[in-house]
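A quick write-up on the structure given underneath.
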Amino acid sequence: MKFDEDPRIRVSRKILALAWLFFSLYLAAIMGLSFNVGTEPYLWGLPRWVAIGNIIVPVVFVLLLIFVAERFIPDVPMTEDTGDTEEER
Amino acid sequence: MNWAIVSFLAYTGILIAIGVWSYRIVEKVPITKYENEFYAAGRGLGGIVVALIIAGGLASAGTFIAGPGMTYAYGYSWVLINNFQIFMNLLLLAPIGIIVGIVARRVNAVTYLDIFRARYQSRAIIVILTLFVTVFLLPYMATQFVGAARVIARMTGMGYLASLALGSLVVLVYCVLGGMRGTSLATLIQGIVITLGCIVLFVGTVVYAGGFQRSTEILAAQDINFLSPSMGGAFPPMFAFSLACLTGYFIVGMPHAMLGALTYKNTRALKRGIWMGAILVLLWTLLLCMAGVIGRSLVPDLAVPDEIAPWLAMHVVPEALGGIVLAGIVAGIQTTVAAMAIIITSSIASNLLRELKPDVSAERVKFASRVTMGACLAIAIGFALLQPRLIQWIIFFSIGGLVTATFGPILLGLFWKRGNQWGAIASICWGMVIYGLGNTVVPQMSLWGTHPSFVAVISSVIVYVLVSSATPPPSEEIARTFWGKR
């Protein structure tokens, strides 16, 4: 019997790759900046690496995530039997 | 009148009311749909509740007590380490949310072990996982009760036992009576209280300290390493990276975090759960950790670093607002306990019971669910009477054990058709042995200064692939259920 893959599984795989890529970029940014920017001169009265790597970077990435999640994660129906789609909700 | 106690008691009263209200809803549900309602809240939760269930479940006393405690003890280096956890909702819901949602609806899975059952069709895996999940989650739950009791005791002046009773019994009421329905509603209220509490504590601490500049100068004078990203080499980049893996990539294996993946209504709720969760965890983590390290400039000689958050709540914010901070911290802990209680109960009272007694009646499962949940919480409260001192390391130990047992079987099981029950069993057993050895007699297994879970998880994934490849593939029926078009 021929095996037909559910197209939503391909979507799921892409989202897995997207999530891990996003987190890898975040990790590279936060660790790269934290260990390389240095402490002085202070920014906003905080060590420079804290202000840039641990306040600005997380805030920027969280804002970026809103765009990425809404833009790149498609609405897919969760049940196949009832014709249940996002638009109906 | 102590306004901190008054506001905390008001919050506790609301939670008890939620428990009773949820109990009435769950009791009205027909017995055939009882498990679906009790464990998955009818699979109808929206984005904000899903965000809160995952974020609140994963952000435990480790975030609300030990997070500021570690930054108090080790300066800004632990702000960096704690910031790795900000995207845990993304790393859980995005990789497995859709596929778990699809399969859960196909096989009517309401517990995380139902997914394992459908994928591996193995009684041994259910028994082994129930054992390990219970073993690692019970001490984890106990640390949550300890954290809550310490905060309440510190802020209200009540004894440890009375504080433990106040902080834990309310969870018992709304979990046992209301199941996931009660937990989800309570989590919504708690999410608001946690966020308010964090903001109040952070603003109060910064104002009281006279601003960042002044606080940084005092910290530099105390120990210049407080301003270093590695605490002067104590936490090198590889150690930080291994913890980033533990609270980042590996988080997909956390069973109590999968509740969100089993309960969300649609992909719109899933997406909102992802980014709203990130906003919430960012706020909780950053504000509390920053408050902890700034607190060091205010009081440099606390005997127990974990007490910095309650100390700040008592000294830097007005009394009534201190009650909100107290409720917020305890709420953050209670959400974790509730999620864990649901997981352990579903593992034992639903999955294990059905494996051992396939013809068990729905009435029996209902009774067993409440008895098991009550018993698990009682055992965890019993452990909490031992009052361990360093809860952060117990929390990391439990998280490490849980992800070691489940990461490979979950992730590869959902995305690799060739993975089978033999690979999963070998992976779990291998991982547990390596993790046990790395934590005890062979600490040098923790390569390059990484956390013991790092080597255990990576090697257990390799074992999963090797053993699955060398043994027969799973049936076509499994392939159709998980990846096939219907």
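The values are calculated or read from the model by the stated rules, or taken from the named source; none is laboratory data. No experiment lies behind these values; they were computed from the predicted model shown. FYI the Cβ positions are ideal-geometry reconstructions off the backbone, even for glycines, and counts take in every protein chain you see. For the accessible areas, the whole protein counts, side chains as well, though only heavy atoms, and no ligand, DNA or RNA atoms are used. Shrake-Rupley method; radii C 1.70, N 1.55, O 1.52, S 1.80 Å.
At-a-glance table
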read-out	value
Filter pass, B:V135 being closer than 29 Å to B:F396 by Cβ, aliphatic (A, V, I, L, M) and within 14 Å of chain A (Cβ to nearest Cβ)	no
Filter result for B:G332 (within 16 Å of B:P68 (Cα to Cα) and modelled with pLDDT under 75)	yes
Residue in the range B:334-355 that is outside any helix (DSSP H, G or I) and over 30 Å from A:F61 (Cα atoms) present	no
Out of B:G75, B:G167, sole residue that is on the phi > 0 side of the Ramachandran plot and touching a helix residue (DSSP H, G or I) at 6+ places or on another chain (Cβ under 6 Å)	B:G75
Candidates B:I395, B:I428, filtered to the one that is more than 14 Å from chain A (Cβ to nearest Cβ), at pLDDT 90 or above and within 20 Å of B:V252 (Cα to Cα)	B:I428
Test result for B:R486, within 14 Å of chain A (Cβ to nearest Cβ), open to solvent by 30 Å² or more (accessible area, probe 1.4 Å) and in contact (Cβ under 8 Å) with a residue 24 or more places away in the chain	yes
Among the residues listed as B:V281, B:V206, the single one being in a helix (DSSP H, G or I), open to solvent by less than 10 Å² (accessible area, probe 1.4 Å) and under 24 Å from A:S34 (Cα atoms)	B:V281
Leading residue by the ranking (nearest to the other protein chains (Cβ to nearest Cβ)) among those in the range B:468-483 that are surrounded by fewer than 20 Cβ atoms within 10 Å (Cβ to Cβ) and in contact with a helix residue (DSSP H, G or I) (Cβ under 7 Å, 6 or more places away or on another chain)	B:T481
Positions within the range B:100-112 being surrounded by 24 or more Cβ atoms within 10 Å (Cβ to Cβ) and either within 17 Å of B:I251 (Cβ to Cβ) or charged (D, E, K, R) (or both), in sequence order	B:Y112
Breaking point among (1) within 7 Å of chain A (Cβ to nearest Cβ); (2) surrounded by 23 or more Cβ atoms within 10 Å (Cβ to Cβ), for B:L262	(1)
Subset of the range A:6-50 [surrounded by 16 or more Cβ atoms within 10 Å (Cβ to Cβ), in a helix (DSSP H, G or I) and more than 9 Å from every other protein chain (Cβ to nearest Cβ)]	A:A29, A:L33, A:R48
All positions within the range B:127-159 that are farther than 30 Å from B:G431 by Cα and open to solvent by 40 Å² or more (accessible area, probe 1.4 Å)	B:R150, B:R154, B:G157, B:M158, B:G159
For B:A240: the one exception among (1) open to solvent by 30 Å² or more (accessible area, probe 1.4 Å); (2) closer than 27 Å to B:A55 by Cβ; (3) modelled with pLDDT of 85 or more; (4) not acidic (D, E)	(1)
3 or more residues modelled with pLDDT under 85: qualifying helices (runs of 4 or more DSSP H) within the range B:1-105	B:3-28, B:34-40, B:47-58, B:61-64
Residue ID - farthest from the other protein chains (Cβ to nearest Cβ), chosen from residues in the range B:221-230 that are open to solvent by less than 30 Å² (accessible area, probe 1.4 Å) and either aliphatic (A, V, I, L, M) or part of a helix (DSSP H, G or I) (or both)	B:F226
For B:V317: the one exception among (1) β-branched (V, I, T); (2) assigned to a helix (DSSP H, G or I); (3) open to solvent by 10 Å² or more (accessible area, probe 1.4 Å)	(2)
Output for the range A:51-60, where each listed residue is of a type in the set (A, V, I, L, M) and facing chain B (nearest Cβ under 9 Å)	A:A51, A:I55, A:V57, A:V59
Checking B:S369 against (1) free of Cβ contacts under 8 Å to residues at least 12 places away in the same chain; (2) open to solvent by less than 20 Å² (accessible area, probe 1.4 Å), the condition it does not meet	(1)
